[in-house]
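Down below is the structure, laid out as structure tokens.
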Amino acid sequence: MEIHQLEYLLAVAEARSFSQAALNVRVAQPSLSQQIKKLEAEVGQPLFDRLSRGVVLTEAGRLLTARARKVLSELSDAKREVSDA
């Protein structure tokens, strides 16, 4: 599991769209999709239900996004503390 994968997960969850999330994080949509697929393979569960008009989180996706928010917040806090030291 990589930090950028967690960032992409949150971007897709918030945008409810792979294409909009890719624009928001300034990465090509195929690359973002590939990273989400890798993350899904690693956790062994689909994180999104892909619908004709966007995506919605699965239960596994909801659990992982909650953890991802905490992890990314902790990383941000750590960077800030080290920078302020």
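Observations
- Looking at segment 19-65, the accessible area is 64 square angstrom per residue; that uses a 1.4 Å probe and ignores ligands, DNA and RNA.
- Sites A85 and S17 - FRET efficiency at Förster radius 30 Å, r taken between beta-carbons, to 0.05: 0.15
- Distance between the pseudo-spin-label points of R62 and S76 (7 Å out from Cα toward the beta carbon): 2.3 nm.
- Amide H contacts of F48 (H built 1.01 Å from N, under 5 Å, at least 5 apart or other chain): T58
- Among the protein heavy atoms of segment 35-84, carbon and sulfur supply 52% of the accessible surface, probe 1.4 Å, non-protein parts ignored.
- Dividing the helix sum by the residues of the chain, where each DSSP H run of 4 or more adds -39500 (n - 2.57), gives a mean residue ellipticity at 222 nm of -24000 deg cm²/dmol.
- Of all lysines in the structure, those lying under 22 Å Cα to Cα from K79, and not within fewer than 8 positions of it along the same chain, are K70.
- Distant-in-sequence amide H partners of V55 (H built 1.01 Å from N, under 5 Å): S17
- Cleavage-rule hits (GluC sites (Glu not before Pro)) in the chain: DSSP loop, at most 14 neighbouring Cβ within 10 angstrom: E2
The values are calculated or read from the model by the stated rules, or taken from the named source; none is laboratory data. Values in this document were obtained by computation on a predicted structure and should not be read as measured data. Cβ coordinates were reconstructed from backbone atoms using ideal geometry, including for glycine residues, and neighbour counts include every protein chain displayed. Please note that ligands, DNA and RNA were not included when accessible areas were found on the heavy atoms of the full protein model with its side chains. Shrake-Rupley method; radii C 1.70, N 1.55, O 1.52, S 1.80 Å.
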